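What follows is a single structure, written as structure tokens, with notes after it.
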Amino acid sequence: MIGLSPQDWYDRASAAAQAGDAMGALATLRSGLAAHPDAPGLWHAAGSTLMMQGRPAEAADHFRKAFTLDPRQFDHAVDQAIALSAAGRNAEALDVLVRVEKKGAKHAHYCSTRANAERGMGHGAAAAKWYDRALTIEPNRPKALLGRANVALERGERSALQRFDKALDVDPGNPMILLAKAQALEVAGDAEGALALVGEVTAGFPHYTDALQLKAQLLLAMGESDFTSHFAAAAEQVPADPAIRVSWCRALAGMDREADAAEVAAQARATFPEEPGFALLEAVYAGAAGDNGRADAIFAQLALDTPARHVHEARHRVRQGDYDAAEGLLDTALAAQPDNIDAWSLRGIVWRLIGDPRSQWLHEQAGLVELLPFAARSGLLDKAAATLREMHAVSTMQIGQTLRGGTQTRGALFQRADPVLAELHEAARKALNRYRSALPPVDPAHPLLRHRDAPWPITGSWSIRMTGDGGHHKSHIHPDGIVSSALYLVVPEEARGEGQRGWLEVGRPPPDLGLDLPPLRVIEPRAGHLALFPSTLFHGTTPFDTAERLTVAFDVASEAR
């Protein structure tokens with residue numbers, strides 16, 4: 001092969017790919033790069049091959065190299081951004097796209113890619129602008145039509161349903177568009193229409209797990225006790241797809257049916273013996289259901305060495321009272337993933353159980369848990385409450401969330417195109433800055449304080465409305481952020497006084513751990529106040545029986561994480 005040109009290597013790789021040998025194609029391209037390390041076309045081709053193999057982070061590196069070698073080809077930069085977004089690195093994708101905006105803004109694929117990255121960062125208005133620009137250049141671009149419709153849904157725009165219909169006109173039968181339209185129908189209050197449409201999707205595409213989950217959500221909201229029966233039908237139709245069983249387990253466990261989830265996992269484990277993940281799921285759900293012996297037997301034989309396995313087994317060891325083993329497993333998990341919030345939350349529990357003074361360093365330093373007055377103009381919170389009540393009128397209790405009783409809004413609240421919510425968002429940012437300024441100094445070893453001076457974007461945001469009848473939140477954590485919150489808009493009279501009804505408990509372990517540890521702090525909810533605390537702290541609320549409790553919550557991430 002000595003003397004082969006870059007085109008020769010590319011042709012050989014293409015032949016391998018056309019023959020179905022993706023790994024051979026990639027190996028050929030790498031051999032070509034060894035001979036011609038300055039050939040941008042080979043770097044780009046290797047990046048494309050890696051993308052097809054589901055390896056976007058590696059693909060992004062190859063596209064970056066191609067663009068460095070040939071900066072005239074701005075498509076290399078666009079493809080790098082696509083790969084970065086696929087890897088969840090939207091901030092980096094935007095950095096790449098901004099550098100080529102002057103040339104790229106004239107092209108629909110650049111504008112659509114830019115919109116996707118903006119959407120991934122939670123920049124709803126910017127995403128809408130760039131999708132609109134892409135559609136001005138190319139009115140029937142399918143991905144831009146779907147993306148713009150999704151942004152309309154997320155921002156609460158009245159045009160959402162019409163936009164999905166336009167996308168279906170261009171790409172009829174696309175299950176992603178049909179599912180998104182079903183979500184729009186649900187948000188609009190047409191649950192029957194949403195169920196009918198999602199039923200069409202699951203019938204035609206039984207492997208589409210997002211559709212299976214939405215159908216379960218709709219059935220649950222309609223009062224159907226057997227809200228997961230359609231998973232069994234899908235598994236029978238597509239017996240070789242393990243993802244259906246994983247989704248089925250998630251739906252059951254999301255509504256406290258861990259014992260049933262363990263049985264589904266056990267059946268999947270027998271069907272897919274080469275998939276160790278099902279053994280882990282069975283152990284996790286069996287342990288959560290109280291069958292520690294079954295979980296212990298599985299962990300003893302489990303051939304899976306991942307941070308997720310170590311964290312789940314640590315939780316199991318805590319239930320068994322083997323705190324030394326739990327701490328060792330958590331150390332292993334955190335060595336691989338230093339920002340693993342699940343692992344840190346359990347580590348905090350273990351340190352409290354064994355009397356380790358580091359538990360105070362982790363969660364009890366002054367300033368980490370605060371209830372702050374929420375500075376907002378007069379009348380804003382009342383207007384926000386009125387807006388949110390309209391949203392809750394067509395909202396439900398979501399599968400997989402911690403709410404038990406009441407309703408939770410869908411999507412990112414602060415992305416909605418509503419001036420009242422935008423003002424609330426800005427006030428939340430200012431309150432967050434006040435909280436940050438009073439924190440202890442930067443501490444590189446601490447899971448929150450290591451991020452003290454990094455940018456803190458607000459990511460997820462939602463509202464909860466409960467009207468008594470024992471409504472509460474199960475003890476839980478938010479593993480995707482570094483700071484968690486509760487903004488109190490309306491607080492029931494029942495919450496005042498010694499009964500501590502509807503109060504926020506910070507630091508109480510979840511019930512499945514079987515521990516008699518009290519919360520580190522109990523916060524009386526006060527209208528017009530904002531509770532902020534590290535996301536590594538378990539938190540939940542006590543039940544209450546009367547009146548209305550209306551809150552907004554949001555997660556805070558770190559761009560350095």
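Worth pointing out:
- For the pair segment 139-180 / segment 290-312, the C-alpha centres are spaced 43 Å from each other.
- Folded to 0 to 90 degrees: helix 242-253 orientation relative to the chain principal axis, Cα: 20 degrees
- In order through segment 294-308: 3J(HN,Hα) via Karplus (6.51 cos²θ - 1.76 cosθ + 1.60), integer Hz, x for Gly, Pro: 5, 4, 4, 5, 5, 4, 5, 10, 6, 9, 9, 10, 9, x, 4
- Dipole magnitude (debye, nearest 20) for the chain, charges at Cβ of Lys, Arg, Asp, Glu: 1740 debye
- Angstrom value of the Kirkwood radius, inverse mean 1/r, which spans all Cα pairs in segment 368-556: 16.9 Å
- Calculated diffusion of segment 92-149, Stokes-Einstein form, Kirkwood radius summed over Cα pairs, 4 °C and 1.567 mPa s, µm²/s: 120 µm²/s
- For a straight C-alpha distance cut-off of 25 angstrom, the lysines reachable from Lys430 (same-chain residues fewer than eight places away being disregarded) are Lys383.
- Residue among Leu432, Leu353, Val394 farthest towards the positive dipole end of the chain, charges placed on Cβ: Leu432
- Dividing the mean sequence gap of close Cα pairs (under 8 Å, 6+ apart) by how many residues the chain holds gives a relative contact order of 9 percent.
- GluC sites (Glu not before Pro) restricted to DSSP loop in segment 26-103 with at most 12 other C-beta within 10 Å: none
- Per-residue Karplus couplings for segment 372-384, computed as 6.51 cos²θ - 1.76 cosθ + 1.60 with θ equal to phi - 60°, are listed in order as 10, x, 9, 6, 8, 4, 4, x, 5, 5, 5, 5, 5 Hz, Gly and Pro entered as x.
- Rounded Å value of the spacing that divides the Cα centres of segment 431-493 and segment 341-408: 5 Å
- J(HN,Hα) series, segment 499-515, from Karplus relation 6.51 cos²θ - 1.76 cosθ + 1.60, nearest Hz, glycine and proline x: x, 6, 8, x, 7, 8, 9, 10, x, 7, x, x, x, 5, 6, x, 10
- Local electrostatic count at Gly147 - Lys and Arg +1, Asp and Glu -1, tallied over other residues with Cβ under 11 Å: +3
- Computed over segment 368-556: relative contact order in percent, which uses C-alpha pairs under 8 Å that are six or more apart: 30 percent
- Projecting the Cα atoms of Pro519, Leu487, Ile458 onto the dipole axis of segment 368-556, where Lys and Arg carry +1 and Asp and Glu carry -1 at the beta carbon, places Ile458 farthest toward the positive end.
- Against the rule of thumb 2.2 N^0.38 Å, how large the Cα Rg of the chain comes out: 1.04
- Taking Cα centre as origin and charging only the Cβ of basic (Lys, Arg, +1) and acidic (Asp, Glu, -1) residues, the dipole magnitude of segment 1-137 rounds to 420 debye.
Bear in mind that the values in this text are calculations on the coordinates, not laboratory data. The model shown is predicted, which means the values in this text are computed figures rather than measured ones. Every residue, glycine as well, gets a Cβ built from its backbone with ideal geometry; the counts of neighbours run over all protein chains shown.
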